[in-house]
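Heads up: the structure comes next, in structure tokens.
The values are calculated or read from the model by the stated rules, or taken from the named source; none is laboratory data. Values in this document were obtained by computation on a predicted structure and should not be read as measured data. Don't worry about glycine lacking a Cβ; one is built from the backbone with ideal geometry, like all the others, and counts go over all protein chains shown. Side chains are part of the model used for accessible areas, which takes the heavy atoms of the whole protein and leaves out ligands, DNA and RNA. Shrake-Rupley method; radii C 1.70, N 1.55, O 1.52, S 1.80 Å.
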Amino acid sequence: MEASSVRTSDFTEGSTSVRELKCEQIQSVVEDVLRSTQFIDIHTHLFSPAFGKIGLWGIDELLTYHYLEAEFFRSSEIMPEAYWKLSKRERAEAIWKALFIESNPISEATRGIVAVLSAFGLPTDELGLKEARQFFETQPIEAHIRKVFQLAGVSSVVMTNDPLDPEERPVWINGGQQHPQFHAVLRLDRILWGWPNHWQQVASQGYAVDERASGKSVVEVRRFLADWHKRMQPLYVAVSLTDAFQFPDDSVTSKFLTEAVLPSCRELGLPMSLMIGVRRQVNPALRLAGDAVGRADLRAVEHLCRTFPENRFLVSVLSRENQHELCVYARKFSNLMPFGCWWFLNNPSIVEEITRERIELLGTSFIPQHSDARVLEQIIYKWRNTRLTLAPILTKTYYLLHNDGKVITRQGIQKDVNRLFRTNFEKWTGLHAG
Ligand code: FIX
Ligand code: ZN
């Protein structure tokens, strides 16, 4: 189901979109609406061209994606220490050989590479890597971004911006970016859970903070947030938290959330995104690929939503075992918006399970997916897979509703898809509110 090649079938917008659909017509309309609706990708690690080299794209970055590195170390004799001594090109070649030549690329992440090569009409056999390198080396980035977004059926992406990242910071200090298809987010991992290692960076930016987050630290962190809000114009504030996250407790994380970050979010009208459940660096030898998952105690989310009813929380949980709880909490707290099938959950079989449950418990009051793309072209296959997975789920949902006696129309389906992949997020962040 290729995105954005809209077929003007006999169920075009306008006159016929309110016509009652027969059961046998529902599937093709659902597929057409999913294909023709441009999605907002609410969480990625992509960067606009203003950020230069930290924005990753092209075949060598695609092949050395940490999802593929994790699979590579299972299929290769090369040990991580030796692998990291290789150049990026040599690493890409080693992964191409092990996962695409010597093995059949049947995993979700390897299939993704095949789908990207096909999307650009590039060979997916032995010749694939060489031809892909020639192709990507000739792509002017702005035109390439437009093409990739069009192929992915995405109107805009939300970046992950760290004000303490030494490579990113100079771009923001020197005027930032205004790319219409890239939105900023204020990511606060280094402040909320990395404070012991990063408080000096905040201090070196001229804020009177200290290691114990005492004295003026809270007020100064609020000043820091206000300054970076002005610079970045972020859509939301975000943090990833481990499976051990507790709230409230006597940690700096709890203190800054309660006394600095959540008050600033209320003042600045920003939602807070919590991505909960990572077990960091269970195998540090794999670097980015070394993180794992753990089941979290979601009573922390319960406490946050109840204690701060004026704050809006965008929440994604990494553990499959936490999904049902999150859905039920969302039925209890209207300031809680579940989003995405994050990271190790972004596999069609699990996306299907999670999305069915969310529709049954929350209707369309959730955000089904984000890509978490780290390399530009990944949005092509991640959103293609999402559309492929969502189509039968939505079709079955409308069959059931039709059999219950409700008239199903293209307009109704379009409204639901808009809500799931655009307006829920727009309403929560004020994006496009003009
Ligand atoms: O914390 C996050 O935003 C995670 O998505 C990343 O750290 C992770 O490495 C990733 O790429 C997941 O897809
Ligand atoms: Zn991410």
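Annotations for the structure displayed:
- Over region 36-122, relative contact order from alpha-carbon pairs under 8 Å, at least 6 apart, %: 25
- Local electrostatic count, residue 49, Cβ distance below 12 Å [Lys/Arg +1, Asp/Glu -1]: +1
- Percent carbon-and-sulfur accessible area, region 140-211, ignoring ligands, DNA and RNA, probe 1.4 Å: 53
- Rounded to the nearest 20 debye, the dipole magnitude of the chain is 840 debye, with +1 charges on Lys and Arg beta carbons, -1 on Asp and Glu beta carbons, and the Cα centre as origin.
- Dipole-positive endmost among 264, 65, 175 within the chain (Cβ charges, Cα centre): 264
- Counting only DSSP beta bridges whose two residues both lie in the chain, roughly 10 percent are antiparallel.
- Computed over the chain, relative contact order equals 23 percent, with contacts defined as Cα pairs under 8 Å that lie 6+ residues apart.
- In straight-distance terms, cross-link reach from residue 332 covers every one of the aspartates and glutamates whose alpha-carbon lies under 17 Å from its own, apart from those fewer than eight places away in the same chain; here that gives 297, 302, 310, 357, 360.
- 3J(HN,Hα) along region 136-151, derived from phi through the Karplus expression 6.51 cos²θ - 1.76 cosθ + 1.60 where θ = phi - 60°, amounts to 5, 5, 9, 8, x, 4, 4, 5, 5, 4, 4, 5, 5, 5, 5, 5 Hz, with x in place of Gly and Pro.
- Two-site FRET efficiency, residue 126 against residue 74, from Cβ-Cβ distance with R₀ of 25 Å, rounded to 0.05: 0.70
- Normalised by 2.2 N^0.38 Å, where N is the number of residues, the alpha-carbon radius of gyration of the chain equals 1.00.
- For the chain, calculated [θ]222 nm from helices alone, where every DSSP H run of n ≥ 4 adds -39500 (n - 2.57): -13500 deg cm²/dmol
- To put it simply, the accessible area of region 47-131 at a 1.4 Å probe is 54 percent carbon and sulfur.
- Summed side-chain charge close to residue 255 - residues other than residue 255 whose Cβ falls under 14 Å, Lys, Arg +1, Asp, Glu -1: -3
- Per residue, the solvent-accessible area of region 253-347 (1.4 Å probe, heavy atoms of protein chains only, all protein chains present) comes to 38 Å².
- Estimated vicinal HN-Hα couplings, Hz - region 158-173 in sequence order (Karplus 6.51, -1.76, 1.60; Gly, Pro = x): 9, 7, 10, 10, 9, x, 9, 6, x, 7, 7, 3, x, 5, 6, 5
- Normalised by 2.2 N^0.38 Å, where N is the number of residues, the alpha-carbon radius of gyration of region 206-304 equals 1.20.
- Highest-first arrangement of 407-419, 126-138, where packing means the average Cβ count within 10 Å: 407-419, 126-138
- Residue pairs exceeding 32 angstrom between C-alpha atoms, taken from 53/396; 147/406; 88/147: 53/396; 147/406.
- Net lengthening on full extension, residue 415/residue 282 (0.36 nm per residue, minus Cα-Cα): 43.6 nm
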